[in-house]
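Trainee: Take this structure, written in structure tokens, and hold onto it; I'll ask about it next.
The values are calculated or read from the model by the stated rules, or taken from the named source; none is laboratory data. Keep in mind that this is a model prediction, so the values were computed, not measured. Please note: Cβ atoms are built from the backbone with ideal geometry, for glycine as well, and neighbour counts cover all protein chains shown. Please note that ligands, DNA and RNA were not included when accessible areas were found on the heavy atoms of the full protein model with its side chains. Shrake-Rupley method; radii C 1.70, N 1.55, O 1.52, S 1.80 Å.
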Amino acid sequence: MCLDYVPLSCLLFFLLCAVGGAMVILLPILLLRAIPRTLKAGGVFRFASYYADHMVLQKEPAGAILWGYGKSDATVTMYLYEENNLLMKKMTQVEERFRIWKIVLNPMSPGGPYRIEIQQSLKGRVANVSLNDVYFGDVWLCSGQSNMEMTLLQIFNASKELADAPNFPLVRVFAASRIQAKKELQDLAKIDLQWSVPTAANPGHGDFIYFSAVCWLFGRSLFETVKYPIGLVESFWGGSAIEAWSSKRALRECGLSEKTVSKSPTSFSGPRNQSVLWNAMIHPLLNMTLRGAIWYQGETNTQMNTDLYNCTFPALIEDWRKTFHEGSEGQTERFFPFGFVQLSAYRQEEIDESFPHIRWHQTADFGYVPNRKMPNTFMAVAIDLGDDKSPTGSIHPRDKQSVAYRLHLGARAVAYGEKNLTFQGPYPQSVHVGVVEKLIKVTFGQKIKLHHLNKNIFEVCCSQASGGCTWKPVPMTSSSSFTVTLQDPACSDSVAGLRYAWTAWPCEYKQCPIYNLQMLPAPPFITFSKKDPGWIMT
């Protein structure tokens, strides 16, 4: 971004100094004194913090938003150039109270590069700022905690991935700094990586620094599909709770007020206080026109408000959609596509139901997406990507390539409308309990591929006389194109429920028993005879 503003009084003074032979000495000093006045808050004329050379702005059918700061009541004129050809001109006024200007561009087809010049005019004084090497494409926001934060340096085939990065110059990257705030900020307080063309270095500065491996690989895969520019905006913090990323109003929807005291998780060190990351790292971005968002978070909430995640996560999605739509003058879709990663396997040796519960709650207790509580969403199932040899612990699996690939399939189907594209593994349509045969047949909605039989991954809920039930493993015996048969010697006449992959570590790496023909794993599920219309007992 370039700045060109020198008051007329300074120019006259330069001439006077030149007569005395002092211009060489005084000119740099006066320039340094003149320019910073345009950069101070209040009297500023500049773009908001996340507008810079090399950026990607959202393409058609939406109009990209440009905004920044200026002097009250000044006229701001925007010029959009392709080479030396003027393609668009727009004018607006600087708002008096907050001294903000905002311009909605006409929808632009994908491509570039373009140059954007903004000119402020007030009482005969003119100031200019410009952006160069700007492209139009799709802009995606990437957020969450440490699994989104992991960089290319920390994943499988790191050297190759970093070396390949310069081959995708139209996938542009931006990284917000990790900042907390008690109140909603208007603009980002700090930036880690300003808009950049990818190099072999900037997608992987270090462990958990920037740039996100999942975000980068997702964007790269999208670029290979759509063949036009992709802008990636990352805003995340390792160990953070969903409460920190949620606005106060979203949390109130789930019964969480500012006075609510939550049990603090002991093994996660990121921000957990309500709204502190929403305030500092999401709210400043609301004026941006987005195509969609991806999210990788939930580990911290296995130890904090776990039972509320089936509310807090859908509430966050709804609130982000509403506020980005409003902040962008309606240019970001009201129900923009939102993808997320269902948590991977964790701690093979532990019996811990918090991870299966949070995986279930990530789908608002439907087991699949989209659903009526989470429309226009897509999910990458990761239960088969466990990595107990990961240098940063099994909670950080290194196969982010599979995560990003599965996310991009969801984006192609949900965000880009590709027909007949399967993006999630098989999910059961009915459960038939044969009391006499002591068999349970689970019928899926897709053709399945059985990797192997398993004695423990399915469990039945045996009813107890005192109420409730006890979960017991039930072995798999056979399968057909759509059906898996289970042998139930334990409680065939009192089976009240069935669940699949309901453990912290359901299977070894890419060795869950059930996949579809596209090698996407079946997600975990739990179902009960009294609640599921597909439950049959004979």
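Trainee: Under 18 Å between alpha carbons, and skipping anything fewer than 8 positions from LYS472 in its own chain: which lysines qualify?
Mentor: LYS472 reaches LYS438, LYS441, LYS455.
Trainee: With +1 assigned to the C-beta of every Lys and Arg and -1 to the C-beta of every Asp and Glu, and no other charges, what is the dipole magnitude of the range 248-330 about the Cα centre in debye, to the nearest 20?
Mentor: The dipole magnitude comes to about 140 debye.
Trainee: Note the full-extension length gain between ARG97 and GLU418 as 0.36 nm times their separation in residues minus their Cα-Cα distance, in nm to one decimal.
Mentor: Stretched fully, the ARG97-GLU418 segment lengthens by 111.0 nm.
Trainee: Continuing with the same structure: Which of these values of percent of Cα pairs over 36 Å apart was calculated from the structure shown: (i) 56; (ii) 28; (iii) 40?
Mentor: (iii)
Trainee: Another question, then. When only the heavy atoms of the protein chains count and the probe is 1.4 Å, how do ILE118, ILE100 rank by accessible area, highest first?
Mentor: Result of the area sort, largest leading: ILE100, ILE118.
Trainee: Between ASP388 and THR483, 0.36 nm times their residue separation minus their Cα-Cα distance comes to what?
Mentor: 31.1 nm
Trainee: Okay, moving on. Would you mind telling me the share, in percent, of accessible area of the chain contributed by carbon and sulfur at probe 1.4 angstrom?
Mentor: On the chain, the fraction of accessible area on carbon and sulfur atoms equals 53 percent.
Trainee: Here's something else I'd like to know. Treating the angle as unsigned and between 0 and 90°, give the value, to the nearest 10°, between the Cα long axis of helix 309-327 and the longest Cα principal axis of the chain.
Mentor: The answer is roughly 30 degrees.
Trainee: Okay, next question. Starting from the Cα of LYS322, draw a straight line to each of the lysines and keep only those under 16 Å, dropping any in the same chain fewer than 8 residues away.
Mentor: Counting by Cα, and skipping residues close in sequence, LYS322 has these lysines nearby: LYS248, LYS373.
Trainee: Ok, one more. Which cross-chain or sequence-distant (5 or more) residues have an amide H under 5 Å from the amide H of SER479, H modelled 1.01 Å from N in plane?
Mentor: It is THR485, by chain and number.
Trainee: Turning to a different aspect of this structure: Would you mind checking the range 137-180 for residues with the amide N under 15 Å from a putative spin-label position 7 Å along Cα→C-beta of ALA200?
Mentor: So the set is 153, 158-168.
Trainee: Reachable aspartates and glutamates from LYS90, Cα under 15 Å, same-chain residues fewer than 8 places away excluded?
Mentor: Once the sequence-local aspartates and glutamates are set aside, what remains near LYS90 is GLU117.
Trainee: With everything on Cα atoms, drop me the angle between helix 400-414 and the longest principal axis of the chain, reported from 0 to 90° to the nearest 10.
Mentor: The angle comes out at about 80 degrees.
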